[in-house]
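I have placed the structure first, in the form of structure tokens, so that the comments after it can refer back to it.
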Amino acid sequence: MTVSWWAGTRLVAARALSEGVAAKGWRAVTALMLLAGIAAVVIPRLLGSSVTTYTLVTVGNAQPELVTQLRTAAHAGDFTVEYLSMADASAVADAVREGQADAGLVSDGNTTQLFVRRTDAGVFPALVSGAAQAKATVDALAASGLTAEQIAAIHAVPAPEQVVVGPATDPRRAGVGFAVGLVLYLALILAGTGIATTVATEKSTRVSEVLLAVLRPTQLLVGTVLGAGLLALIQISAVAVPFGISLRISHNTMLPSAAAPDVALGVAWFVIGLSLYAFIFAGLAALVDKVTEVGSATLPVNAILVGCYLLAITVVVSSPDSWLSVLASLVPPSAPLVMPVRWASGGVPGWQLALSMFLTSAAAVLLAWMASVVYKRGVVRTGRRVSLKDVLRAG
């Protein structure tokens, strides 16, 4: 009896998926990953708000020019300013002394006083002082006879252009990229090990021989990879979904706005990365005769994954624009682990991301073909462990 290629592949994938879901170990790991994803969103919220608020107290309402200056500074510095109004200078000083305000400003037309609680009061009093000086400068220019247009032209002089030269434009986003890289690394290791163990178990127990009576080797290979890949994708989603839900229902979060697309990109890279590595794991596992030999057989590919991950969290995190970081993010086998981390630095051109995905996908197709040859020749050889050299030499 023969089964159509896709029907047979689907049956093998469904079998691998059902057996994986039924395994207590898989369910335990998935639950832990879900809890980790929820904790990564909830704990920062519990620790505090991401928005800093300062309070300025003045005699009467704060002057509009001063409010405008501070609003501009607040937008650039990612903080907010609240205002208190007091009747006189004594009440302003008392409000600062008692902690009701971070700074107090009193001006009688000739002199201006800035009240602070201590000499090291932080950056806000300096911003208030600068805003007050700017207003006094405008008043002095107007008193000297300059028109409003001339004063506006003076203030229209652009500020120096800010150029980011650090390792990342947004440290919070870089932190998300670091977390995505870690989850990708663990998921690829777990998925690859699961695929290799399944292939070795079926070969050692002679289940593969029974299945090969009605299925072709490629159906077994692709079905096993699809089933294990879906299991790993569920685990990845257990971490990714909480991020997406949190950013969808609330804007008051310590996660950066780019967290959701970066996490979604991480899921896409997992699919591409698994396509690159899964067939290699399966092909190497087909060479062993006992399940206990899986670790040694897959050691080379595990070493590659570890090396790529270490490259991502050391070189790429500290220097995302170095030639080594760029090269490692573009070419396989390092791209699936390196590009998500480098992309989170915020300075990667879109064409580099597209090129990286294309090259990795092309390499995945080539390696899948090579691994299928190894799998077909190795899974039918039992009784001893087969060397990769012997399999490749066999016609």
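Throughout, read-outs are computed from the coordinates displayed, never taken from laboratory work. These numbers come from a predicted model, not from an experiment. FYI the Cβ positions are ideal-geometry reconstructions off the backbone, even for glycines, and counts take in every protein chain you see.
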Quickly work out the Thr68-to-Ser18 label distance, labels modelled 7 Å from Cα along the C-beta direction, and quote it in nm with one decimal.
7.3
With bins 10 Å wide starting at 0, give me the P(r) of region 272-395 over every alpha carbon pair, in whole percents.
14, 37, 27, 16, 6, 0
Simple spin-label estimate for Thr314 and Leu327 in nanometres, 7 Å along Cα-Cβ
1.6
Run the numbers for Ala134 and Arg385: contour at 0.36 nm per residue of separation, minus the present Cα-Cα distance, in nm.
82.3 nm
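Compute the FRET efficiency between Leu392 and Thr201 as 1/(1 + (r/R0)^6), taking r as their Cβ-Cβ distance and R0 = 35 Å, and round to the nearest 0.05.
0.90
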Simple label model, 7 Å out from Cα along Cβ direction - Phe358 to Arg117, nm:
5.9
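How much length is gained on full extension from His75 to Leu212, taking 0.36 nm per residue of separation minus their Cα-Cα distance?
Full extension from His75 to Leu212 adds 42.7 nm.
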Between Ala36 and Ala303, the FRET efficiency computed from the C-beta separation at R0 = 41 Å comes out, to the nearest 0.05, as 0.95
Full extension between Ser144 and Val271 adds, at 0.36 nm per residue less the Cα distance, a length in nm of 38.9 nm
Cα to Cα, under 29 Å, and not fewer than 8 places away if on the same chain: which lysines meet these conditions relative to Lys389?
Lys203, Lys290, Lys376
How charged is the neighbourhood of Thr52? Take every other residue with its Cβ under 11 Å from the Cβ of Thr52, and add Lys/Arg as +1 and Asp/Glu as -1.
-2
When the expected Rg is taken as 2.2 N^0.38 Å, what fraction or multiple of it is the alpha-carbon Rg of region 52-155?
1.10
